[in-house]
Amino acid sequence: MAYNFEFYSPTKVLFGKNAEDEVGRQARAFGAASALIVYGGGSAQRSGLLGKVEAALAAEGIAFQKLGGVVPNPRLDKVYEGIRMGKEHNVNFLLAVGGGSAIDTAKAIAYGLAEPDQDVWELFEHTRMAQKCLPVAAVLTIAAAGSETSKGCVITNQRTGEKRAYDDNLARPKFAVMNPEFTKTLPDYQTESGCVDIMMHTMERYFTNGGSMEITDALAEGLLRTVMKNAVKLHHEPGDYDARAEIMWAGSLAHNDLTGCGNDGGDFMSHKLEHELGGMFDVTHGAGLAAVWPSWARYVYKECLPRFVRYARNVMGISIKGTDEEIAESGIRAMEDFYHSIGMPANLDELGVHPTDEQVEETAERCAAASGSHTGFAKKLSREDIVRIYTNDCKPR
Ligand code: NZQ
Ligand code: ZN
């Protein structure tokens with residue numbers, strides 16, 4: 001049965017070659033007078049994109065400051081630095097140039113500047129909700145997190161090692177500029193991790209027990225097949241523009257909630273499991289997801305069997321005859337083979353993370369605490385379940 005839903009995806013998308021030429025005009029149209037450009041460790045400078053963005057803002061008479069040095073698994077200290085800069089320069093618009101890390105930093109700064117007397121970290125601790133947020137826009141350089149159209153914002157508190165998400169429609173970007181050409185400079189590992197993350201945003205919404213719609217399932221399955229096909233293409237031919245375009249657009253559609261319409265909003269426990277690893281071991285988000293998903297899937301599939309069978313048949317192309325359990329297990333194995341085929345890990349060992357027993361306990365504790373009552377819809381997980389997933393308890397022997 002289709003559940004009621006609200007779909008809100010207000011981001012204006014400018015997609016394709018030379019799309020970045022539009023940045024200045026769009027920023028002005030959305031009210032930018034004093035902008036803060038937020039970017040990462042240098043890739044946007046090296047590619048020339050940052051210079052183009054600066055020129056486009058200047059051509060529209062928009063004043064701007066720059067905040068570089070955002071790192072993957074972006075940090076709260078950088079957010080505070082941006083808030084200080086924003087106050088000093090009366091910033092009224094945030095423009096991220098980069099990926100999920102730059103965009104999420106920009107979103108967090110935008111929350112902080114809109115309510116300057118409150119500590120922005122409280123949002124991530126879920127002790128209050130945001131009432132306001134400055135406008136944010138994105139010039140995307142990596143197809144992965146989907147933050148360019150999502151309500152999500154994920155920040156790591158480097159002092160405690162907590163990586164936490166805050167979701168709110170207030171921060172959905174006003175516009176997103178996406179030129180696939182600019183993703184060609186990505187290291188292969190980042191391209192591939194991005195493909196996994198994109199798939200996972202759809203898979204999190206797909207493996208649930210509550211509500212479904214044929215149109216949503218068809219969109220989800222088509223998106224997953226398209227990403228897999230083009231991820232393999234890019235693994236062999238990283239310069240393929242069309243493959244990059246497919247992946248880039250899929251990234252936005254995978255996380256703007258389109259593939260969750262009519263169901264219960266999604267499981268998202270693989271993400272929560274990964275976020276704790278990201279906070280503790282600073283792993284690349286998509287690779288971390290690839291490493292936890294097979295263990296999660298083997299642990300939960302019997303309680304979400306029809307979806308796992310459907311997935312095996314419609315996404316992974318499993319055509320064997322057998323019991324539902326055998327078909328579902330074949331689908332999980334095929335997913336592991338796919339990860340390996342694009343150079344991604346399929347367990348923590350392959351990810352290069354070897355937590356001690358104490359670290360597993362602590363990570364599980366944090367994951368359970370951060371999840372609150374939302375501990376999965378495919379199967380509701382206890383802290384003990386989380387430990388067993390981290391230790392790959394159900395691996396095939
Ligand atoms: O910092 P620079 O020099 O730009 O290098 C980055 C970084 O090292 C590099 N890169 C990006 N574009 C490039 C490039 N290198 C060469 N050429 C380019 N065109 O790639 C590295 C990763 O960048 P990052 O922004 O961290 O990647 P991604 O988009 O995967 O973002 C990951 C972050 O987003 C969060 C993740 O948890 C993680 O913190 N997520 C955010 C979500 C959201 N806001 O809705 C949802 C996701 O599930 C995810 O949790
Ligand atoms: Zn993700």
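The values are calculated or read from the model by the stated rules, or taken from the named source; none is laboratory data. Fair warning: this is a prediction, and the values are worked out from it, not measured in the lab. Using ideal geometry, Cβ is built from the backbone for each residue, glycine included, and neighbour counts are taken over all protein chains shown. We work out accessible area using only protein heavy atoms, side chains counted, and drop any ligands, DNA or RNA first. Shrake-Rupley method; radii C 1.70, N 1.55, O 1.52, S 1.80 Å.
Counted over the chain, the DSSP beta bridges are approximately 15% antiparallel. Remark on Asp264: its backbone amide H falls under 5 Å from those of Gly210, a criterion applied only to residues 5 or more positions apart or on other chains, H modelled at 1.01 Å from N. Candidate cross-link partners of Lys174 among the aspartates and glutamates, defined by an alpha-carbon separation under 12 Å and a same-chain spacing of 8 or more, comprise Glu148. Relative to the longest principal axis of the Cα atoms of the chain, the long axis of helix 100-114 makes an angle of roughly 60 degrees. Among the listed pairs Lys78/Lys163; Lys17/Lys52; Lys151/Lys229; Lys151/Lys272; Lys272/Lys380, those with a Cα-Cα distance over 20 Å are Lys151/Lys229. Taken one residue at a time, the phi angles of region 163-180 give Karplus couplings (6.51, -1.76, 1.60, θ = phi - 60°) of 10, 10, 9, 10, 10, 6, 4, 4, 9, 4, x, 5, 8, 9, 9, 9, 10, x Hz. Gly and Pro are set to x.
Entry comment: accessible area of the chain is 40 Å² per residue, from protein heavy atoms only and a probe of 1.4 Å. Summarising the overall dimensions of the chain from its C-alpha atoms, the Rg and Dmax are 20.3, 66 angstrom. Based on the Cβ-Cβ distance from Asp393 to Leu305, what FRET efficiency comes out when R0 is 22 Å, to the nearest 0.05? Taking R0 as 22 Å, the efficiency between Asp393 and Leu305 is 0.70. Projecting the Cα positions of Ala19, Phe64, Ala29 onto the charge dipole of region 18-69 (unit charges on Cβ atoms of Lys, Arg, Asp and Glu, taken about the Cα centre) puts Phe64 furthest along the positive direction.
Shown here: region 155-215, whose C-alpha atoms stretch 40, 35, 28 Å along the first, second and third principal axes, sorted largest to smallest. Modelled spin-label separation between Ala55 and Lys229, with each label point placed 7 Å from Cα along the Cα-to-Cβ direction: 3.7 nm.
What you get for region 299-372, charging only the Cβ of Lys and Arg (+1) and of Asp and Glu (-1), is a dipole of about 640 debye around the Cα centre. Across region 369-382, computed HN-Hα scalar couplings (Karplus, 6.51 cos²θ - 1.76 cosθ + 1.60, θ = phi - 60°) run 5, 5, 7, x, 8, 8, 10, x, 10, 5, 8, 6, 9, 8 Hz from first to last residue, x flagging Gly and Pro.
Taking a ≥ b ≥ c as the square roots of the Cα gyration tensor eigenvalues, region 194-287 comes out oblate, since a/c reaches at least 1.5 and a/b does not exceed b/c.
Segment Arg46..Ser373, full-extension length gain: 113.3 nm, with 0.36 nm per residue of separation and the alpha-carbon distance subtracted.
A protection proxy built from the mean count of other Cβ atoms within 10 Å ranks the segments 342-354, 130-142, most packed first, as 130-142, 342-354.
Here r is the Cβ-Cβ distance between Val71 and Thr127 and R0 is 35 Å; the resulting FRET efficiency, rounded to 0.05, is 0.85.
Distance between the C-alpha centres of region 155-226 and region 6-59: 20 Å, rounded to the whole angstrom. Using only side-chain charges placed at the Cβ, +1 for Lys and Arg and -1 for Asp and Glu, the dipole size of the chain relative to its Cα centre rounds to 740 debye. List the residues of region 83-124 whose backbone N lies under 13 Å from a point placed 7 Å from the Cα of Thr185 along the Cα-to-Cβ direction. Under 13 Å, as judged by backbone N against the label point of Thr185, lie 97-99 of region 83-124. Taking the inverse of the mean reciprocal distance over all distinct Cα pairs, the Kirkwood hydrodynamic radius of region 83-208 comes to 15.3 Å.
Share of carbon and sulfur in the accessible area of the chain stands at 50%, probe radius 1.4 Å. The alpha-carbon of Lys184 sits under 14 angstrom from the alpha-carbons of these aspartates and glutamates, leaving out residues fewer than 8 places away in its chain: Glu192, Glu237, Asp240, Asp242, Glu246.
Considering only the Cα atoms of region 244-324, their convex hull presents on average a projected area of 7.0 nm². Given their separation in residues at 0.36 nm each and the Cα-Cα distance between them, Phe30 and Glu214 gain 62.6 nm when the chain is fully extended.
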